[in-house]
1. Is region 160-167 home to any residue that is more than 22 Å from residue 309 (Cβ to Cβ) and outside the structural domain of residue 21 (by TED's automatic domain parsing)?
2. Can you pull out every residue in region 299-327 that is in contact (Cβ under 8 Å) with a residue 60 or more places away in the chain and part of a helix (DSSP H, G or I)?
3. If the Cβ limit is 7 Å and pairs must be 6+ apart or interchain, which residue in region 74-88 that is in contact (Cβ under 8 Å) with a residue 40 or more places away in the chain pairs with which residue that is surrounded by 12 or more Cβ atoms within 10 Å (Cβ to Cβ) and not in a loop (DSSP other than H, G, I, E, B)?
4. Determine if region 49-66 includes at least one residue that is at pLDDT 90 or above, under 22 Å from residue 324 (Cα atoms) and either in contact with a helix residue (DSSP H, G or I) (Cβ under 7 Å, 6 or more places away or on another chain) or assigned to a strand (DSSP E or B) (or both).
5. Got at least one residue in region 137-144 being assigned to a loop (DSSP other than H, G, I, E, B) and under 27 Å from the mean Cα position of the chain (by Cα)?
C-alpha cells in the first residue's frame, strides 16, 4: 500500500498501490471529497471527506448514528457501517467523529455490479484502507505537510523528466529548452534545502523554495541562482553560465518569432542546457552524499542515495507521475518502465 496525506493535513491513510488519486483528473473543486479508483478498468470509487462536526446536517448524522468522539493520533478508528442499495448506484458508507471533525468514507459502484467479484474485492480493499487512517495531531501537522510537499515536488520533477524524454523522442527543441531550464531550477532548489538541513543539523524540510500556494509571492529562477552562489553551492563561473543560458531561454520563449533566431540555434541551446543539467546534477549528488555520511536530513538514511528503486517504489513513482499528468492519453505513454 502507499501513503496518502490529506491536502489540508488532517489525516494520513494508506491506499492500494493500484489506486490513483482522481481529484486532479476530474478538476474537482477544493471542497470535493478525496477520491480514489483503480488506474485501469475501474469498477467503483472510494471517497473520503472531512468536515466540521457542526457543518450542515452533520450534527443529525452524528446523533442518529450515536457517534462518539475519538482522539487524534489513535490507530484503527471505530467506524459505523451502512450499505445503501439503489437502482443505479450502491454505496458502502462509513462514518466516524475525531475530536471536532466528522469523517465520512464511501465506496460507490454500479448496482448492476453488486455481486461482481472485482467489486467485492475493491470493497475489501476499502475496508482495509479504513483501518490505516490516522488523524494527525496538531503539533505534527506542519512537519507532515512539509514532507508531503517535498514528495510532490520530487514527483513533479519526475513528471518533467518523463515529458523531457518524450520531447527528445519528438525532436521538440523549444519544449526541451523550457523543461531543461525548469529542471535545473528545481535541482538548485533541492540543493539549497539539503545544504540548509546540513547547516542546521535538522531533518525538518524548509519548503519555501519548492511549494507555492496561489497567493504566495513567487521566488524566481534568478533569485535561486543568486542564493546558490551566495551559499557556495555554485561558483561565479557556473553562475555566469546559468545567466547566459537564462537569457537565451527568454529569447527562445518570448522572441523566437520576432528575431532572427533559427531553430538550429535553439537546438544548440538545448545541447548547452543538457551539459548544464549534468553539472548541476553532480552538485546535487555531492550534497546527497554529504547528508548520507552525516546521517542528517532527507538522505540521512540507511542506504546510499543512488541505490536503485525497488519494485514497490517504482510502482509508487509511476503512480505519482500519472496523478501529476492527470491525463489518460499521457499516462498511456509513461516513458519510465518497471
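The values are calculated or read from the model by the stated rules, or taken from the named source; none is laboratory data. Since we're looking at a predicted model, the values are computed, not measured. So basically every Cβ, Gly included, is an ideal-geometry build from the backbone, and we count neighbours across all protein chains shown.
1. Of the residues in region 160-167, the ones more than 22 Å from residue 309 (Cβ to Cβ) are 167.
Within this subset, residues satisfying the condition of being outside the structural domain of residue 21 (by TED's automatic domain parsing) are 167.
Checked against the condition, which is being more than 22 Å from residue 309 (Cβ to Cβ) and outside the structural domain of residue 21 (by TED's automatic domain parsing), region 160-167 yields at least one hit.
2. Scanning region 299-327 gives 312, 315, 316, 317, 319, 320, 321, 322, 323, 324, 325.
3. 75/134; 77/70; 77/96; 77/98; 79/94; 79/95; 79/96; 79/130
4. Taking region 49-66 and keeping what is at pLDDT 90 or above, we get 49-66.
Imposing the further condition that a residue be under 22 Å from residue 324 (Cα atoms) reduces the set to 49.
Right, trim to either in contact with a helix residue (DSSP H, G or I) (Cβ under 7 Å, 6 or more places away or on another chain) or assigned to a strand (DSSP E or B) (or both) and you get 49.
Yes, region 49-66 contains a residue that is at pLDDT 90 or above, under 22 Å from residue 324 (Cα atoms) and either in contact with a helix residue (DSSP H, G or I) (Cβ under 7 Å, 6 or more places away or on another chain) or assigned to a strand (DSSP E or B) (or both).
5. Pass one, region 137-144, residues assigned to a loop (DSSP other than H, G, I, E, B): 137.
Next cut, under 27 Å from the mean Cα position of the chain (by Cα) only: 137.
Yes: region 137-144 contains one or more residues that are assigned to a loop (DSSP other than H, G, I, E, B) and under 27 Å from the mean Cα position of the chain (by Cα).
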